[in-house]
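Participant: Below are the structure tokens for one structure; questions will follow.
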Amino acid sequence: MKKYILKRILTMIPVFIITSVIIFSIIHLTPGDPARVILGDGAVEEDVIALQKKMGLDKPVLVQYADWVGGIFKGDLGESLFIDEPMWEIIVSHMKPTLSLTIYALLIAAGVGIPFGILAAKYRGSVLDHGVTLVSLCGISVPNFVVALLLMLLFAFRIRLFPVAGYKTLEEGFIPHIRYLTLPAVALGFIHMALIMRMTRSSVLEVLSSDYVKMARAKGVGEAAIMVRHALKNALLPIITVIGQTTITLLAGAVVSEAIFNIPGIGQLVVTSIERRDYMVIQAVVLVIALINMVVTLILDILYAIIDPRIRLDTR
């Protein structure tokens with residue numbers, strides 16, 4: 001197992017290098033001089049040259065990349081031109097709301113999608129199964145911003161059960177924190193709940209039709225034991241895969257929900273930085289999100305190996 005994990009960690013090194021090159025290239029090879037764009041067309045040439053020197057743009061591109069990557073390994077992600085705080089503090093302060101929203105949305109998506117997917121597979125062809133299929137189709141078809149607006153209209157304006165928008169930190173109280181995150185989390189997790197529901201249903205149905213499940217039924221094993229010990233256990237791999245993909249997508253898709261519900265998360269930071277051309281912040285944020293995605297993928301690989309030992313044996 002240790003050898004398998006070490007191999008997976010080593011494979012992350014070239015992925016990190018390629019990702020960092022792509023991020024750096026997109027930011028620095030876009031048309032126009034970043035310093036001139038930041039200062040505007042009416043800027044004095046001396047100010048433009050001074051800003052170029054401050055941003056390191058007066059150096060060759062390869063040297064700029066080497067300095068940036070070298071700073072990353074030292075824990076230095078650069079400096080913001082507009083926010084007078086260390087880059088890590090900027091990212092962490094904006095990442096907290098995004099992570100809270102992502103985790104909450106994931107709990108809703110998995111907590112609803114998996115049980116109802118199992119029930120739909122168990123009672124195939126029933127009213128419950130058709131209802132789950134209908135909800136899944138709606139979740140996949142309706143964009144999350146439409147779901148967000150409908151939730152705001154119903155639960156914030158009509159019933160007044162949740163706040164319309166805004167954010168409360170966890171330090172201000174767990175209940176206020178959850179109340180402000182519920183509507184955006186439901187809006188964000190609805191489509192992923194539908195995907196998890198469909199994947200769980202199809203995976204469990206495939207396992208239930210297998211020969212070893214039929215043999216277990218012939219031996220008189222109870223339905224509950226069949227569902228837990230055989231069906232769900234052997235259907236976990238595709239379910240875990242879609243949950244891992246959901247986590248990555250939720251983290252990236254939180255931008256829309258944060259904008260609609262006015263949550264000061266990482267998405268809002270990226271949008272503001274793009275408007276102000278704060279390139280160092282954009283680079284740092286995109287890199288951190290890419291690293292989080294790599295860690296999530298690593299965790300998925302480890303879970304695969306734990307659930308199915310054949311996976312780690314095949315890599316030897």
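Participant: Filter the range 150-167 down to the residues that are farther than 13 Å from residue 179 by Cβ and open to solvent by 100 Å² or more (accessible area, probe 1.4 Å) and list them by number.
Facilitator: Residues satisfying the conditions are 150, 157, 158.
Participant: Check whether at least one residue in the range 134-157 is modelled with pLDDT under 90, closer than 20 Å to residue 193 by Cβ, in contact with a helix residue (DSSP H, G or I) (Cβ under 7 Å, 6 or more places away or on another chain) and of a type in the set (Ser, Thr, Tyr), and report yes or no.
Facilitator: Scanning the range 134-157 turns up at least one residue that is modelled with pLDDT under 90, closer than 20 Å to residue 193 by Cβ, in contact with a helix residue (DSSP H, G or I) (Cβ under 7 Å, 6 or more places away or on another chain) and of a type in the set (Ser, Thr, Tyr).
Participant: Looking for something under 19 Å from residue 275 (Cβ atoms), open to solvent by less than 30 Å² (accessible area, probe 1.4 Å), out of contact with any Cys (no Cβ under 9 Å at 6 or more places or on another chain) and at pLDDT 85 or above - is there at least one such residue anywhere in the range 80-88?
Facilitator: Yes: the range 80-88 contains one or more residues that are under 19 Å from residue 275 (Cβ atoms), open to solvent by less than 30 Å² (accessible area, probe 1.4 Å), out of contact with any Cys (no Cβ under 9 Å at 6 or more places or on another chain) and at pLDDT 85 or above.
Participant: Filter the range 37-79 down to residues that are assigned to a loop (DSSP other than H, G, I, E, B) and of a type in the set (A, V, I, L, M) and give me whichever is surrounded by the fewest Cβ atoms within 10 Å (Cβ to Cβ).
Facilitator: The qualifying residue surrounded by the fewest Cβ atoms within 10 Å (Cβ to Cβ) is 44.
Participant: Ok, one more. Take the range 261-271 and flag every residue that is free of Cβ contacts under 8 Å to residues at least 60 places away in the same chain and either in contact with a Cys (Cβ under 7 Å, 6 or more places away or on another chain) or open to solvent by less than 50 Å² (accessible area, probe 1.4 Å) (or both).
Facilitator: 270
Participant: Same structure, new question: So, in the range 80-92, exactly how many residues are among the aliphatic types (A, V, I, L, M), part of a loop (DSSP other than H, G, I, E, B) and out of contact with any helix residue (DSSP H, G or I) (no Cβ under 6 Å at 6 or more places or on another chain)?
Facilitator: Qualifying residue count for the region: 1.
Participant: If you check residue 72 against the conditions, is it among the β-branched types (Val, Ile, Thr), within 30 Å of residue 243 (Cβ to Cβ) and at pLDDT below 90?
Facilitator: yes
Participant: So which pairs qualify, if the first residue must be in the range 205-225 and more than 15 Å from residue 235 (Cβ to Cβ), the second must be open to solvent by less than 70 Å² (accessible area, probe 1.4 Å), the Cβ gap must be under 7 Å, and the two must be at least 6 apart or on different chains?
Facilitator: Between residues of the range 205-225 that are more than 15 Å from residue 235 (Cβ to Cβ) and residues that are open to solvent by less than 70 Å² (accessible area, probe 1.4 Å), the close pairs are 217/226.
Participant: Name the pairs whose Cβ atoms lie under 6 Å apart, with the first residue in the range 28-45 and under 14 Å from residue 282 (Cβ atoms), the second part of a helix (DSSP H, G or I) and at pLDDT 70 or above, and 6 or more positions between them or separate chains?
Facilitator: 34/279
Participant: Let me ask you something else. So if I check each of 136, 93, 80, which one is small (Gly, Ala, Ser) and farther than 19 Å from residue 287 by Cα?
Facilitator: 136
Participant: Taking the condition in a helix (DSSP H, G or I), over 16 Å from the mean Cα position of the chain (by Cα) and not basic (Lys, Arg), does residue 299 pass?
Facilitator: no
Participant: Moving on. For the range 96-110, which residues satisfy the criterion of being more than 17 Å from residue 203 (Cβ to Cβ), among the small types (Gly, Ala, Ser) and open to solvent by 10 Å² or more (accessible area, probe 1.4 Å)?
Facilitator: Selection gives 100 alone.
Participant: If you check every pair at least six apart or on different chains, which have Cβ atoms under 7 Å apart with a residue in the range 77-94 that is farther than 14 Å from residue 270 by Cβ first and a residue that is surrounded by fewer than 20 Cβ atoms within 10 Å (Cβ to Cβ) and at pLDDT below 80 second?
Facilitator: Every condition considered, the pairs that remain are 81/38.
Participant: Just to be sure before I move on: is residue 140 over 20 Å from residue 94 (Cβ atoms), free of Cβ contacts under 8 Å to residues at least 24 places away in the same chain and either hydrophobic (A, V, I, L, M, F, W, C) or surrounded by 15 or more Cβ atoms within 10 Å (Cβ to Cβ) (or both) in the structure I sent?
Facilitator: no
Participant: Can you work out which of the residues in the range 298-316 that are crowded, with 18+ Cβ neighbours inside 10 Å and out of contact with any Phe, Trp or Tyr (no Cβ under 9 Å at 6 or more places or on another chain) is modelled with the highest pLDDT?
Facilitator: The selected residue is 300.
Participant: Check residue 224 against each of (1) under 30 Å from residue 163 (Cα atoms); (2) surrounded by fewer than 17 Cβ atoms within 10 Å (Cβ to Cβ) and name the one condition it does not meet.
Facilitator: Of the numbered conditions (1) under 30 Å from residue 163 (Cα atoms); (2) surrounded by fewer than 17 Cβ atoms within 10 Å (Cβ to Cβ), the odd one out for residue 224 is (1).
Participant: Just to be sure before I move on: is residue 160 assigned to a helix (DSSP H, G or I) and modelled with pLDDT under 90 in the structure I sent?
Facilitator: Answer is no for this residue.
Participant: For residue 31, are the conditions met, namely being modelled with pLDDT under 75, over 25 Å from the mean Cα position of the chain (by Cα) and open to solvent by 60 Å² or more (accessible area, probe 1.4 Å)?
Facilitator: yes
The values are calculated or read from the model by the stated rules, or taken from the named source; none is laboratory data. Keep in mind that what you see is a predicted model, and the values were worked out from it rather than measured. Reconstructed Cβ throughout: ideal geometry from the backbone, glycine too, with neighbour counts over all protein chains shown. To get the accessible areas, we keep the full protein, side chains included, count just its heavy atoms, and leave off ligands, DNA and RNA. Shrake-Rupley method; radii C 1.70, N 1.55, O 1.52, S 1.80 Å.
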